[in-house]
Amino acid sequence: MKASISWLKEYVPIEMDIDALADGLTMAGLEVDGVLPRYEGLDPVVIGKIVDVQPHPHSAELKICDVDVGDRHASIVCGAPNVTAGVFAPLAFPGTRFPDGFVLEGKDIHGVPSDGMLCSEAELGLGADDSGIMILDGDRSIGEPLTTALGLSDTVLDIDLTPNRADCLSMLGIAREIAAFGNVHVRYPATHLPEGKGRLADIAAVTIEAPDHCPRYGARLVEDITVAPSPFWLQDRLLSIGLRPINNIVDITNFVMMETGQPLHAFDFNHLNQSKIVVRLAHEGESFTTIDRKEHSLTGDMLMICDGEKPVALAGIMGGLNSEIEAGSTSVLIESACFNPVTIRRAAKRLGLSSEASHRFERGVDPDGTIIALNRAAQLMVDIAGGTLTEGLIDQHPKPIEIRKIPLSIRAVNRFLGTDLDLAAAEALLTSIECKVDVLDDDRLEVVPPSFRIDIKQSVDLMEEIARLWGYNNILTTYPSVIAEARPLNKGLYQRDRAKDIMVGLGFTETINYSFIDPASCDRLQLEPDDRLANTVSILNPLSEDQAILRSSLIPGLLDTTCRNIAQQVKTLKLFEVGKIFIKTRTDLQPEEIEMMAGLWTGTREDGSWYGRETACDFYDIKGVVEGLFDGLDIGSVAFTRSLADRCRYTRPGHTAEIRINDERVGLVGELHAGVRKNYDLNPPIFIFEIDLGRVAAHIPDQKQSVPVSTFPATSRDVTLIVDRVVESQAILDHVRNADEELVESLHFFDVFDGDPIPPSKKSISFRITYRSRSETLEDDRINDIHGVLTEKLLDAFDAAFPT
């Protein structure tokens, strides 16, 4: 919203400087985004007298003017048709910045130098006439700055309003705010309607068929008007806030709208069939051409203004081409109405139309202001357009607005705002914004907000008004009397976030899927009816058929995500998800909720490059991820075993391992079954893991214990054994660890081999044991003895043999 200071001064005295005014409005909730001196760029423009006019030697359309500017004569090349000797006109010198941003430069025009430019009203932003230069009447002082001669001194405020302050989309609305914090009174424009002729009720009629969408509609008729350009003062008012003058009738409706906040519309009464107005909803598919010559297809919830036969306007948005004011119009029916904001907003949004009127109707207008604005416009049309007022007005008001009486407790205000206001102070603040206040007792007030404040509906709204009028800076800062007490983070949440961070660090991307899945997911996972995961919970009112049960596994969600990504040619995926699964119990109790983490890896281990080819990921990659996760969580004693792993129906037999911590099953890791991949139309091998975070959390240590790094060197010994193929490698490592030999620092496998010359039922396993002492350097003889003992134990425990 732009507001001209000179315009505002017509309604409220402004004694403070512009900076204090902008600060006061901002602190009152009307944020001032900019302070724009309106005529600052016109300082170089002076009044000149055209002394002589000669034809241009190289152009029949141009003339060379000798202009007296007081201290010298300027030679000006001009093409305006009304240039004549003896008239006074504005002369702009190089460096002048015009309102449209153009900066004048001195130059030759068709070979003749020009010292400046004689200006039109439109070029100076002082009117809409661009047909010729602006001729100043009367005897003028030659060389006087134009801004001084015409009293052009104005500043425009650019105000950013919140949507609830529709009352401030007008000059009077902003003037009321200035009066409130400036302790002055608003001067409302006086309206004195002349006596009319005839009776409007005998000439025109208004019918409201949609009162829920149009609670009030007022109309007046002005006849014998003359459509012409508006007087300078009216054009200047509109130009000051960025509106383009059109003609006196349209300009009056725009002026009153910007003055009062009530949009108006002027119909050519002679174009209204049957001399009546009908407010109704549009017919579905009805066509209408607006004043901008665009045709629109309407829907049944859009409000129309019609005459006796046809639509003539989109209510509250834009008039129709078939009833606009033209140069030959002689009778004007003025519309001033109140429309439902939702109706206007919906229609404007669907049609892609926006206007100053719709902007105000969408936010709500004062239902009691319709007649005030109507009378104001009628008086101006009589005064400016020479019209004759028809006696009487039409005021259809099928749904009067109820008076809002809001109770307010001063104790509640002070408790809510942290203030210490008394009853009189609160009453004075509310009265300053034209609220009617009745004192009920020493604590309670009954407040009736003014009709233009449609945003004040309850006591907290009144508290907000008191706070901004009192001044936010005047509210003292207070601190809670309760002593702040720090609490440790929830352990479960901390551990879950820690696990997520580790997975991200391992190169995985977190996905989030709905807890509702397709009932067919159990079949796609090849679950048997007696499988625990097949005990799903059905939803009574599912969002859709493919979201009819609660998930009993995170794997279906990850596989659906994989399908979408592979369809987009993303073939290498490393995904994980953390969330709850739901298992139906045998009773009518709530289902069992288990927090799980699941991961998926498909595609390559790493991208190909000049130093290596792409390598497909395998079981050991996903197993390494799980090991990295547990290592990051500081969990030891993690074992991978196939004891019950092959019972999983959606992983490949022989390529699946159970995850155990201290002999407690916490999850599984393996390759996805080929049948499951087929059910999801997935071709490449996919490797997954599932972990029960609830069980894992019990094994995460609360504290860490540091051990000094040994300063003595380590030594290592390799062992190669021939064992049965069914022997798990992990069992061999666990056997060495359980031997409780304090000098064994670490051990790891580095080779597994089967095939000739190893017997078919056997395999060769090689691993390395690292020894280190924390107190001395170990000698070979001692290490050899210890190593020999461990080797003999392995031979006996696993019926192993040395390779021959």
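For the reader, a short list of remarks on this structure follows.
- When the surface is traced with a 1.4 Å probe over the full set of protein chains, D420 keeps roughly 140 Å² accessible.
- Expressed as a whole percent, the accessible surface of segment 517-607 that belongs to carbon and sulfur atoms is 48, based on a 1.4 Å probe.
- Of the residues T641, T720, T777, ranked by 1.4 Å probe accessible area with the largest first, the sequence reads T777, T720, T641.
- Average accessible surface area per residue within the chain, 1.4 Å rolling probe, Å²: 51 Å²
- A straight Cα-to-Cα reach below 17 Å connects K793 with none of the lysines, residues fewer than 8 places away in its own chain not being considered.
- The string of couplings for segment 685-691 from the Karplus curve (6.51, -1.76, 1.60, θ = phi - 60°) is x, 10, 10, 10, 9, 9, 9 Hz, one whole number per residue in order, with x for Gly and Pro.
- Here the Karplus relation 6.51 cos²θ - 1.76 cosθ + 1.60, evaluated at θ = phi - 60°, turns the backbone of segment 145-159 into coupling constants of x, 4, 4, 6, 5, 9, x, 7, 9, 7, 10, 10, 9, 9, 10 Hz, with x for every Gly and Pro.
- Flagged links, alpha-carbon separation over 30 Å, of K197/K310; K349/K457; K9/K197; K2/K399; K491/K574; K584/K704: K9/K197; K2/K399; K584/K704
- In degrees, nearest ten, helix 248-260 long axis to first principal axis of the chain (Cα): 60 degrees
- When E510, E658 are compared by accessible area of protein heavy atoms, the largest-first order is E510, E658, using a 1.4 Å probe.
- For Y771, the shell of other residues with beta-carbons less than 13 Å away shows a net charge of -4, using +1 for Lys and Arg and -1 for Asp and Glu.
- Positive minus negative residues near L421 (Lys, Arg vs Asp, Glu; Cβ under 15 Å): -3
- Heavy atoms of L321: accessible area, 1.4 Å probe, square angstrom to 10: 50 Å²
- Sparse-neighbour loop sites [GluC sites (Glu not before Pro); segment 754-804; at most 14 other C-beta within 10 Å; DSSP]: E776, E779
- Order of exposure, largest accessible area first, which applies to E606, E402, E671 with probe 1.4 Å: E402, E606, E671
- Computed from backbone phi, the HN-Hα couplings of segment 370-380 come to 5, 6, 4, 5, 4, 5, 4, 5, 4, 4, 5 Hz, rounded to whole numbers (Karplus: 6.51 cos²θ - 1.76 cosθ + 1.60, θ = phi - 60°; Gly and Pro given as x).
- Sparsely packed loop sites in segment 75-143 (the GluC sites (Glu not before Pro) outside DSSP H, G, I, E and B with at most 10 other Cβ atoms within 10 Å) comprise E105.
- Listed by chain and number, the lysines whose alpha-carbon sits under 27 Å from that of K49, ignoring those within fewer than 8 places in the same chain, are K63, K107.
- Among the protein heavy atoms, those of M27 account for about 60 Å² of accessible surface (1.4 Å probe, every chain in place).
- Radius of gyration and maximum dimension Dmax of the chain, Cα, Å: 43.3, 130
- Looking at segment 147-213, the trypsin sites (Lys or Arg not before Pro) that sit in a DSSP loop and have at most 12 other Cβ atoms within 10 Å of their own Cβ are R199.
- For K571, a cut-off of 26 angstrom between C-alpha atoms picks up these lysines, skipping any fewer than 8 places away in its own chain: K500, K623, K678.
The values are calculated or read from the model by the stated rules, or taken from the named source; none is laboratory data. All figures in this text were calculated on a predicted structure; none of them were measured in a lab. Note that we place each Cβ from the backbone using ideal geometry, even for glycine, and neighbour counts take in every protein chain shown. Ligands, DNA and RNA are stripped out before the accessible areas are found, and what is left, the full protein with its side chains, is counted by its heavy atoms. Shrake-Rupley method; radii C 1.70, N 1.55, O 1.52, S 1.80 Å.
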